Each structure stands twice: as structure tokens, then as C-alpha cells.
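Beneath this line is the structure, given in C-alpha cells, with notes to follow.
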Amino acid sequence: MSKIVLGDKEFFKGIDQIKYEGPESDNPMAYRWYDENKVVAGKTLKEHLRFAVAYWHSFTGNGTDPFGEPTHQFAWDEKKDPVERAKDKMDAAFEFITKMNLPYYCFHDVDVVDYGNDIRENERRLQIMVEYAKQKQAESGVKLLWGTANLFSHRRYMNGAATNPDFHVLTHGAAQVKIALDATIALNGENYVFWGGREGYMSLLNTNMKREQEHFARFLHTARDYARGQGFKGTFFIEPKPAEPTKHQYDYDAATVIGFLRQYDLMDDFKLNIEVNHATLAGHTFQHELQVAADAGAMGSIDANRGDYQNGWDTDQFPNNINEITEAMLVFLEAGGLKGGGVNFDAKIRRNSTDPKDLFYAHIGGADIFARALITADKIIQDSEYRKVRQERYASFDSGKGKAFEEGKLSLQDLMDFAIQNGEPATISGRQEYLENLINRYI
Ligand code: XUL
Ligand code: CO
């Protein structure tokens with residue numbers, strides 16, 4: 001248990017620290033599955049999952065949507081002075097994170113403190129907040145999973161940041177990334193994220209795609225070189241998303257990003273941050289995106305949330321689909337976990353979820369679903385024939401000519417000869433329904 005850290009005033013009054021009470025508990029303000037000390041597959045749940053609270057959705061997002069004004073009125077959003085307001089917000093954030101007993105947080109620069117148009121003033125504000133955050137981290141033991149810069153909200157980024165056709169705009173993006181990297185490094189941030197918010201296009205008619213992508217790669221190299229020069233040892237993550245806000249984002253999905261990283265020689269420093277709702281927007285499952293990343297040795301981190309079956313946009317709801325997350329945790333465990341990252345709740349409570357407790361329910365549910373899924377996936381791997389069924393499907397490549405093919409020892413003529421000698425192959429079931437039932441048996 002971490003200790004609850006409060007500022008001058010308590011923002012979530014009457015709410016105590018959330019504790020693990022077990023699956024039998026009917027207390028809605030308790031964990032039923034997330035026992036941080038429970039050991040699964042050689043590590044505690046805390047060590048496996050490395051949960052992080054997202055500053056932007058939880059302390060900045062105010063329920064606004066394209067049709068309506070804010071519905072979440074925050075007591076930490078009242079002071080006039082931006083730095084004083086930011087300190088209140090940070091007090092609220094650390095109160096919440098420590099009451100939730102979660103180990104990490106993540107932020108964009110502008111979530112921590114409001115930015116204006118003066119680069120030096122923005123830097124000054126963030127530096128003050130970095131000093132404040134250092135104290136908060138030391139008091140609480142809460143750590144920074146990753147930092148990032150918001151290169152998509154300001155109007156100057158309407159045509160992109162690193163991929164903007166105007167070099168001048170690109171330099172403003174670079175300034176923001178430098179300042180955000182400095183903050184991340186000063187706070188011992190373990191990773192740094194690039195989500196290409198508007199790195200894409202609205203119309204090909206006005207876009208030189210090749211040039212924009214080259215600029216993007218050059219930008220990433222430049223940022224990487226700077227951070228490494230400052231002693232940053234963490235991993236850089238790219239977060240794929242196919243569209244929204246642009247019509248087409250260059251970091252479309254995991255496979256596209258891996259191709260890009262390979263093309264521009266970035267695979268040594270960059271891995272992927274896979275977000276559930278981004279996967280489904282790309283027409284994939286979350287499991288698929290994790291598997292693609294894992295197969296490339298690049299499964300770095302997770303942005304946990306979920307989409308909506310009916311809506312075609314990024315609804316960023318808290319995760320609660322046990323089948324989806326259990327299948328994802330099978331990929332997670334078989335790949336040996338995340339490379340540097342954690343499970344960040346990039347999710348927002350609904351516009352009409354206006355009680356302070358709603359933020360707690362949301363994170364409790366999210367943590368519990370991942371914990372339960374991980375425990376279940378481990379049982380499936382340990383006790384069932386899940387892996388065996390898949391291995392056996394490929395048995396014909398384990399020896400003889402199949403093995404020789406894998407080793408590159410057979411010609412096309414050799415393959416034809418084998419086909420002729422062995423006649424028509426047997427019909428072999430893929431046993432999908434059997435496996436689907438097996439998963440549900442363990443859930
Ligand atoms: C947007 C999104 C971002 C990134 C960080 O869809 O997921 O919040 O996670 O910039
Ligand atoms: Co995200």
C-alpha cells in the first residue's frame with residue numbers, strides 16, 4: 001500500500017484508499033481482482049501491469065463534446081494563476097493516484113500546466129511544475145511511466161507538427177518536444193511517447209506524403225539524439241492510430257509503424273504503445289495489434305480503454321470486456337510482457353458521469369479487468385492445452401521436409417515433388433470453437 005498524499009486541501013473527500021477485498025466482495029469501492037502482491041507467472045500483478053493514470057482524461061478532460069459545454073467542474077480548476085491552478089491539479093492527481101494505490105502516471109506537457117504562445121514562458125511554467133512533481137513523487141513513491149508533448153491541440157498544428165508543410169511550425173513542435181523531454185528526464189520518466197496527433201493528411205491533393213514522412217523520421221531521429229545526449233535511457237514509443245483527428249494518420253496501425261521504423265532505422269530505440277480503441281478503429285482487434293508488435297519484439301506499452309460496437313470513433317471508454325482483455329493477456333504473457341511500458345488508462349469517464357466517485361469506479365473496473373484477465377490467461381497457459389493445440393497445427397514443419405523448407409533448403413521443384421508423392425492432404429480442423437469454449441471455461 002502506498003501512502004495517501006494530499007495537498008493543502010482534500011479534493012476527493014470521504015473516499016479512502018481503495019483496497020483489495022477479493023472476488024467475493026460486494027464493495028464497489030474495492031478491488032476484487034487487482035491484488036498488487038499476487039504473484040502470477042513469476043511476478044506480482046503490480047510488476048506485470050504497471051498501471052498508470054492518464055493526467056489528461058482524469059484531471060483535464062471536462063466532459064466537453066462537439067455538442068456541449070463542460071459537465072465536469074473541478075475544484076482544482078478554480079485559481080486564476082496558471083501555475084497555482086496547475087499545482088492544485090497536481091495535488092488532486094496525486095491524491096487520486098495514491099488513493100487508488102496505482103504506481104504510475106502519464107502526462108502531456110499541456111495537461112500539467114496551461115501553455116500560451118511564449119516558448120520561454122511555457123518552459124518556465126513546466127519547470128516549476130517539474131520541481132513540484134519531484135516532491136510529490138518522492139512523498140508518494142508514484143512514478144512517471146511516460147511523458148509526451150501535445151502537438152495537436154494548438155491551432156498552429158492544424159496541418160501537423162513534424163509533418164507540417166511549414167518548417168516554422170515544425171520548429172515549434174520541436175521546441176515543445178525538447179521541453180517535454182527535459183521534464184520527462186528530470187522526473188525519471190521511464191519512457192517517452194509520440195502519438196502522431198495530426199501527423200497525417202486531410203487531403204492528398206495538397207500533400208506530399210513522401211516528404212512529410214521523411215520529415216517525421218528526421219524529427220524522431222533528432223529528438224532521440226537529443227534525449228540520449230541528455231542521458232535518457234528509456235524507450236520511445238510510437239502510438240498507432242489510423243485516423244481522427246486527421247483523415248489518415250501515418251502511424252495507421254502496428255504493422256505500418258513497424259515498417260516505418262524499419263525503413264528509417266529507428267527500431268533500436270522505438271517500440272509501440274498499443275491502444276485498444278485505436279486497434280479497433282484500424283479494423284483490427286487489440287489482440288491482433290499486440291501480436292504484430294510482439295512478433296517484431298516491439299510490444300512496448302498499452303493504452304487501456306475500449307471502443308463502442310456501434311460508434312465509429314475513439315470513445316476511450318474504460319476497459320470492461322473480459323474476453324477481449326483475456327485474449328490480449330495471452331499475447332502479453334506469451335511475449336514475456338511489455339518492453340519498458342505499462343498499462344496506462346487512456347480512458348475517460350462519460351460526460352454524464354459527474355460524481356467524484358465515478359473516476360474511482362472507472363479505474364477500479366479497469367484495473368480489475370486487466371488483473372482478472374492476466375490471472376485467467378496464466379491459468380489457460382499453465383493448465384490447458386491452449387498452446388499445445390496451436391503447436392500441433394504446425395507439427396508438419398517440425399521435422400522432415402517441412403523443417404527443411406523452413407530452413408530454406410528446398411526448391412520450388414522439391415515442393416512440387418513432395419506434393420506429387422504425398423497425394424491430397426488430409427482435412428485438418430482448426431478447432432476454433434473448441435478454443436473459444438476453452439477460454440470461456442477459464443474465465
Ligand atoms: C489520442 C491518444 C492520446 C495519446 C497521447 O487518441 O490516445 O491521448 O495516448 O498523446
Ligand atoms: Co492513447
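What's the ranking of 64-76, 257-269, 287-299, 91-103 by average number of surrounding C-beta atoms within 10 Å, highest first?
Top of the packing list down: 91-103, 287-299, 257-269, 64-76.
In deg cm²/dmol and to the nearest 500, what is the mean residue ellipticity at 222 nm of the chain if only DSSP H runs of at least 4 residues count, each as -39500 (n - 2.57), divided by the residue total? Numbers along the way, then the final one.
Values: 15 runs with 195 residues, N = 443.
Only helices count here, giving -14000 deg cm²/dmol.
Tilt of helix 432-442 relative to the longest C-alpha principal axis of the chain, in degrees (0 to 90, nearest 10)?
50 degrees
I'd like to know how the range 1-73 sits against the 2.2 N^0.38 Å rule of thumb: what's its Cα Rg over that expected value?
Details: Rg = 16.4 Å, N = 73, 2.2 N^0.38 = 11.2 Å.
In units of the 2.2 N^0.38 Å rule of thumb, it is 1.46.
Sorted by average packing, counted as other Cβ atoms within 10 angstrom per residue and highest first, what order do 149-161, 367-379, 396-408, 421-433 take?
Result, highest mean Cβ count within 10 Å first: 367-379, 149-161, 396-408, 421-433.
What is the ratio of the Cα radius of gyration of the chain to 2.2 N^0.38 Å, where N is its residue count, to two decimals?
For the chain, the normalised Cα radius of gyration comes out at 1.06.
Compute the FRET efficiency between E10 and M267 as 1/(1 + (r/R0)^6), taking r as their Cβ-Cβ distance and R0 = 45 Å, and round to the nearest 0.05. Write out the running numbers ahead of the final one.
Details: r = 46 Å, r/R0 = 1.03.
Computed FRET efficiency for E10 and M267: 0.45.
In what order do L181, L333 fall by count of nearby beta-carbon atoms within 10 Å, going from fewest to most?
L333, L181
If you fit an axis through the alpha-carbon atoms of helix 322-334 and take the longest principal axis of the Cα set of the chain, what angle between them do you get, 0 to 90°, nearest 10?
With both axes taken from Cα atoms, the answer is about 70 degrees.
With contacts defined as alpha carbon pairs under 8 Å and 6 or more residues apart, what's the relative contact order of the chain in percent?
Numbers: 736 pairs, mean separation 66.6, N = 443.
Once divided by the residue count of the chain, the mean separation gives 15 percent.
Quick one: angle between helix 254-263 and the longest Cα principal axis of the chain, in degrees between 0 and 90, rounded to 10, please.
Once rounded, the angle reads 90 degrees.
Coordinate-derived values only; no laboratory data. Remember, predicted model here, so these are calculated numbers, not experimental data. Heads up, the Cβs are rebuilt from the backbone with ideal geometry, glycines too, and the neighbour counts pull from every protein chain shown.
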